[in-house]
Amino acid sequence: MATTISQAFSEFKGRLELSESFQKKIATHHNAIREWIEKYDPKIETKLIGSLQRNTRIQPRSNDTFDIDILVILGEFHRIATDGSGVSPSDAIDKVYKIMKEHGTYKKMDPSKDYPTVYIEYSDGIKVELVPAYKDFIYEPKGRGYRIPKSYYEWTSADYDYDAEYISKRNKETNGYLIPLIKMLKAVKRNLFPEMKSYHLEALAVNVIPAIVSYWKNKRYSISFPFLVYSFFCIAKDDILKSGKVPGSKSPNADTYSIDKNRLAEIFGKICNYCDSLINLDGKEGIEGWRTLFGEPFPAYG
């Protein structure tokens, strides 16, 4: 409960963080699976990837499925096999699937293949997705990034570590505004445009937000989360129509999936106008207005 916009956004920022009990649940699941895989084959490395690696995950709602993404590094790729002698994506998926089926408990949980992952689901609403990978020594810069299955016959690049480091670096450059703002934007996404993938939103934000913060700092303007949210949607309504990519990343463009970018641009434009109507409000009217945009995690007035 809050009575001013400043109080409301401060409380909202805290509510988006994963709760301590949920973090323990996540750690229990991913540590157990990673320990099993690395015990089964000590040559295999595992690591967390996705929004947990990038520190951009938000507290799920009570009925949401929560995904944990784990990279399973099976080896290294140094050349492209054109004679059919190399490892195929389906071979890699099958290897991870076999490892999970060899464990008594995980076998009972019925591991499933869903390219590019093998996944298992827990009764507590957590889904663990295992992504088979090989370290990429084929494409420049060699030794950075991974080759992961795009389909059962095609590999693609994934620059998970670089992406996470880039977002962390840009967060520091924005005085810690970027990552909390990404989490706020994810709350809006969940409420108003869930069809957009989270990584796409993050790639868009990492290109837009630092420029806004830098401009305001140079002008010595006061920076606040309400103005950052407002500014983001007013700029992103145009930028969403461009290709989305983390600068310098070997990962494919973040918008390479079936998405109606014109519809997103229209939604962003409406949100921009809506924020414009809120930006100078405080107290009950302002708090209730922002709560309509963000949904339940935003505190009620009082």
| request: Quickly run through the range 258-288 and pick out the residues that are part of a loop (DSSP other than H, G, I, E, B) and open to solvent by 70 Å² or more (accessible area, probe 1.4 Å). | output: S258, D260, N280, D282
| Is there a residue being in contact with a His (Cβ under 8 Å, 6 or more places away or on another chain), modelled with pLDDT of 95 or more and not polar (S, T, N, Q) anywhere in the range 71-91? | no
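Could you check the range 128-142 and list, in sequence order, the residues that are assigned to a loop (DSSP other than H, G, I, E, B) and open to solvent by 40 Å² or more (accessible area, probe 1.4 Å)? Step through it out loud before you land on a result.
Within the range 128-142, the subset assigned to a loop (DSSP other than H, G, I, E, B) is 137-142.
Within the range 128-142, F137, Y139, E140, P141, K142 qualify.
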| Residue check for A187: farther than 22 Å from K13 by Cα, among the small types (G, A, S), touching a Gly at 6+ places or on another chain (Cβ under 8 Å) and buried (at least 19 other Cβ atoms within 10 Å of the Cβ) | no
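Please go through the range 218-240 and pick out each residue that is part of a loop (DSSP other than H, G, I, E, B) and surrounded by 19 or more Cβ atoms within 10 Å (Cβ to Cβ).
So in the range 218-240, the residues part of a loop (DSSP other than H, G, I, E, B) come out as 220-224, 240.
Residue satisfying the conditions is I240 alone.
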| From G125, G145, G176, which residue is over 21 Å from S258 (Cα atoms), open to solvent by less than 40 Å² (accessible area, probe 1.4 Å) and without any contact (Cβ under 8 Å) to a residue 12 or more places away in the chain? | G176
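Given the criterion open to solvent by 40 Å² or more (accessible area, probe 1.4 Å), in contact (Cβ under 8 Å) with a residue 12 or more places away in the chain and assigned to a loop (DSSP other than H, G, I, E, B), identify the matching residue among Y162, Y97, Y152. Step through it out loud before you land on a result.
Details: Y162 fails: assigned to a loop (DSSP other than H, G, I, E, B); Y97 fails: assigned to a loop (DSSP other than H, G, I, E, B).
Testing whether each residue is open to solvent by 40 Å² or more (accessible area, probe 1.4 Å), in contact (Cβ under 8 Å) with a residue 12 or more places away in the chain and assigned to a loop (DSSP other than H, G, I, E, B) leaves just Y152.
Go through the residues of the range 28-44 one by one and say whether even a single one is surrounded by fewer than 18 Cβ atoms within 10 Å (Cβ to Cβ) and touching a Gly at 6+ places or on another chain (Cβ under 6 Å).
Checked against the condition, which is being surrounded by fewer than 18 Cβ atoms within 10 Å (Cβ to Cβ) and touching a Gly at 6+ places or on another chain (Cβ under 6 Å), the range 28-44 yields no hits at all.
Return yes or no: is D255 surrounded by fewer than 18 Cβ atoms within 10 Å (Cβ to Cβ) and among the acidic types (D, E)? Step through it out loud before you land on a result.
Numbers: surrounded by fewer than 18 Cβ atoms within 10 Å (Cβ to Cβ): no; among the acidic types (D, E): yes.
Criteria not met by D255.
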| field | Which numbered condition L204 misses (of (1) free of Cβ contacts under 8 Å to residues at least 40 places away in the same chain; (2) open to solvent by 10 Å² or more (accessible area, probe 1.4 Å); (3) closer than 30 Å to N63 by Cβ) | value | (1)
| query | What is the one condition in (1) assigned to a loop (DSSP other than H, G, I, E, B); (2) under 19 Å from G50 (Cα atoms); (3) in contact (Cβ under 8 Å) with a residue 12 or more places away in the chain that P194 does not satisfy? | reply | (3)
| remark: Within the range 1-24, restricting to residues that are crowded, with 17+ Cβ neighbours inside 10 Å and aliphatic (A, V, I, L, M), the one that is farthest from F227 (Cα to Cα) is L18
| query | Inside the range 100-122, can you point out the residues that are open to solvent by less than 40 Å² (accessible area, probe 1.4 Å) and either part of a helix (DSSP H, G or I) or in contact with an Asp or Glu (Cβ under 8 Å, 6 or more places away or on another chain) (or both)? | reply | M100, Y106, T117, V118, I120
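The values are calculated or read from the model by the stated rules, or taken from the named source; none is laboratory data. Since we're looking at a predicted model, the values are computed, not measured. Methodologically, a virtual Cβ is constructed for each residue, glycine included, from the backbone with ideal geometry; neighbour enumeration extends over all protein chains shown. Note: areas computed on protein heavy atoms with side chains; ligands, DNA, RNA excluded. Shrake-Rupley method; radii C 1.70, N 1.55, O 1.52, S 1.80 Å.
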